[in-house]
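To keep things clear, I will list the structure first and then write my remarks on it.
The values are calculated or read from the model by the stated rules, or taken from the named source; none is laboratory data. The structure displayed is predicted, hence computed values, not measured ones. Don't worry about glycine lacking a Cβ; one is built from the backbone with ideal geometry, like all the others, and counts go over all protein chains shown. With ligands, DNA and RNA removed, areas are computed over all heavy atoms of the protein, side chains included. Shrake-Rupley method; radii C 1.70, N 1.55, O 1.52, S 1.80 Å.
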Amino acid sequence: MVKSYLFWCLALFTSAVLASGDLTRIGNRTIERTVQLRTHSLYAPYVDQDLQNRWWDFGGDAYVNTAKHIRLTRDRPSEMGWLWSRLPITSINFAIEIEFRISGAPNHLYGDGLAIWLTKGRATPGPVFGSMDNFEGLGIFLDTYSNGRHPYSFPRVVAMLGDGKTSYDLGNDGDANAIGSCSAFFRRTNIATKLKITYLRDGLLDVKIHYKAWDDWTPCFTLRNVSLPEAPFLGFSALTGDVSDEHDIISVTTYSAILSSTNNPRGKIQPEGSGYSGWFWTLAKIVFFIGAVAGALYGYKTYTLRSAHNFNSYPRSPGIGGTGLGGGGFYEKRF
């Protein structure tokens, strides 16, 4: 068991180190590295021992299944739930990866969808996928129900940049407001469904979606000259009406993106030997990690052997047996 744990840690660390050297190119800019923002990331079990989260608020019909997801709405009519960060994103360049799940019974009409928000305000319920209309900032809508006839198919990803005065075109599924969109069948899939949003301060917005196959990201749209509010809040909301679905947030990972220097544009040939130096430091990190884990394993084995020796050195006396309390698969809490 300990050996398998050591192998798992080594594999995870190695993949992370190697991934850090894989530059991401967005438009004509290169993201050299990223730093995860704990304040805007969220994973199971989602809450602490006091059943609270320091960085996030939940509301409406949303509830937490600590082993699986945060469910914004159940597959019931007339539900609304939301999840919002308590702090704004202060990074000027950032990337957000959201794993979500939209599902429900296959034998009835389904809707309405899920919204992802990067806005000046926060946590105000309303008619736009469970959040307020006339918002200021970016709304990305994962729309699963068509309110009219369109030349494109549903489900659909639609982006709107709100100015605080313009209403969402609900009757036409956002056609009058859309700045970018794509059709993608992200409902009831056997593959993890994810959305990746990258925003750079020079106005570049890139959205990709993951729903076809593992590690297969499909470009949705890339926009230029997009200006978001300074320090926007990150939020999620969902709404059901006469039709319904389950809308779940499984994980959120937010990164601050560090761009390459403008003096080192994409495609520029690096000085000879720079690749060798990079691989040398990568190898050094791996060797250091192996040594640290091996040392920890050796210390653990030494401790257990000494504990067993000390235990056998003392006379044993009759004891009182006890039983432990078993835990369930998850703890469910309504907010």
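Observations on the structure shown:
- Test: residue in region 181-188 that is in contact with a strand residue (DSSP E or B) (Cβ under 9 Å, 6 or more places away or on another chain), on the phi > 0 side of the Ramachandran plot, not polar (S, T, N, Q) and not in a strand (DSSP E or B): yes
- Filter pass, Asp143 being in contact (Cβ under 8 Å) with a residue 24 or more places away in the chain, within 26 Å of Asp215 (Cα to Cα), open to solvent by less than 60 Å² (accessible area, probe 1.4 Å) and of a type outside the set (S, T, N, Q): yes
- Whichever residue in region 228-257 is touching a residue at least 60 places away in the same chain (Cβ under 8 Å) and exposed (fewer than 13 other Cβ atoms within 10 Å of the Cβ) and, among such residues, is nearest to Leu138 (Cα to Cα): Ala231
- Candidates Tyr199, Tyr152, filtered to the one that is modelled with pLDDT of 90 or more and of a type in the set (Ser, Thr, Tyr): Tyr199
- Cβ pairs under 7 Å, 6+ apart, first in region 173-185 and of a type in the set (Val, Ile, Thr), second open to solvent by less than 40 Å² (accessible area, probe 1.4 Å): Ile179/Ala159; Ile179/Met160; Ile179/Leu223
- The residue of region 208-227 that is most open to solvent (accessible area, probe 1.4 Å), among those that are assigned to a strand (DSSP E or B) and free of Cβ contacts under 8 Å to residues at least 60 places away in the same chain, is Pro219.
- Residue that is modelled with pLDDT of 80 or more, of a type in the set (Phe, Trp, Tyr) and not in a strand (DSSP E or B), where the choices are Tyr5, Tyr46: Tyr46
- The lone exception for Pro106 - which of (1) assigned to a strand (DSSP E or B); (2) in contact (Cβ under 8 Å) with a residue 40 or more places away in the chain it fails: (1)
- The number of residues in region 55-96 being β-branched (Val, Ile, Thr), under 30 Å from Ile258 (Cβ atoms) and assigned to a strand (DSSP E or B) comes to 2.
- Of the residues in region 153-170, not one is over 15 Å from Phe236 (Cβ atoms), in contact with a Phe, Trp or Tyr (Cβ under 6 Å, 6 or more places away or on another chain) and open to solvent by 20 Å² or more (accessible area, probe 1.4 Å).
- Of all the numbered requirements in (1) under 22 Å from the mean Cα position of the chain (by Cα); (2) open to solvent by less than 20 Å² (accessible area, probe 1.4 Å), Ser260 misses one, and that requirement is (1).
- Glu99 passes every criterion in (1) under 15 Å from the mean Cα position of the chain (by Cα); (2) part of a loop (DSSP other than H, G, I, E, B) apart from (2).
- Against the test of being part of a helix (DSSP H, G or I), touching a residue at least 24 places away in the same chain (Cβ under 8 Å) and within 15 Å of the chain's Cα centre (by Cα), the options Thr39, Thr34 yield a single qualifying residue, Thr39.
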